[in-house]
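Here the structure comes first, spelled out in structure tokens, and everything after it is commentary.
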Amino acid sequence: MSLADVMTVAKREWVTPEELWLLHDVVDPDALDALCTAAEISVTFPYERSLVTVTADESISLEKHS
């Protein structure tokens with residue numbers, strides 16, 4: 001799931017994933033994956049210029065964040 005987050009943000013920002021901050025500098029990718037597969041939960045965190053929300057059904061939504 002965490003890889004999908006990076007890919008989604010990269011696509012929205014029109015950059016390659018390598019041009020983004022390392023996700024683990026923002027959130028623990030293993031913990032994010034575990035939370036989103038273990039329960040009916042959503043997690044929101046800032047990443048690049050977006051607020052990323054990940055839900056247990058593996059949907060990812062982005063909201064512009066400055």
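The values are calculated or read from the model by the stated rules, or taken from the named source; none is laboratory data. Bear in mind that the values here come from a model prediction, so they are computed numbers and not experimental data. Every residue, glycine among them, receives a Cβ derived from its backbone with ideal geometry; neighbour counts consider all protein chains shown.
Points to keep in mind about this one:
- Pairs, first in a strand (DSSP E or B) in segment 47-64, second among the aromatic types (Phe, Trp, Tyr), C-beta under 6 Å, six or more apart: Val52/Phe45
- Only residues that are at pLDDT 75 or above, in contact with a helix residue (DSSP H, G or I) (Cβ under 9 Å, 6 or more places away or on another chain) and of a type in the set (Ser, Thr, Tyr) were counted in segment 1-60, giving 5.
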